[in-house]
Amino acid sequence: MADQTSVKDYGYYFFKSGFDNDTVTPVIEWIVEENFQTGDKRKPQLTLVINSPGGKLHSAFALIDTMKGSSIIMTGNIQRITDFMLMMRMMIID
């Protein structure tokens, strides 16, 4: 069986659900794990693509704080913007 390559292997994560503790935890774990990589395994940039209807504010803030604290450059692409997502985008850019 051939090795399977994921988009996460290239530094991309697609977030396609509402924000709550259960859905943001895997994203936060991915960011933290990538920050602990060394040598050739360390990516120069991580990209989070968000297509979300919104959700719980405290969960979104946990993700934003993790992104801001990343030693790897974080970029984002928001596909579906609601008032909640527009606010998140402004906070990520800040």
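Every read-out reported here was derived from the displayed coordinates using simple, explicitly stated rules and does not represent laboratory data. What you see is a predicted model; the values in this text were computed from it and never measured.
Test of understanding: what is the full-extension gain from ILE72 to GLN37, defined as 0.36 nm times their sequence separation minus their Cα-Cα distance?
11.6 nm is the gain from fully extending ILE72 to GLN37.
Apply the Karplus parameterisation 6.51 cos²θ - 1.76 cosθ + 1.60, with θ equal to phi minus 60°, to every residue of region 62-73 and state each ³J(HN,Hα) to the nearest whole Hz, in sequence, with x for glycine and proline.
Each residue's phi maps through the Karplus curve to give 4, 5, 4, 4, 5, 5, 5, x, 5, 7, 8, 4 Hz.
At q = 0.22, 0.23 Å⁻¹, what base-10 log of I(q)/I(0) does the Debye formula yield for region 1-76 when every alpha carbon is treated as an equal point scatterer in vacuo?
-1.00, -1.08
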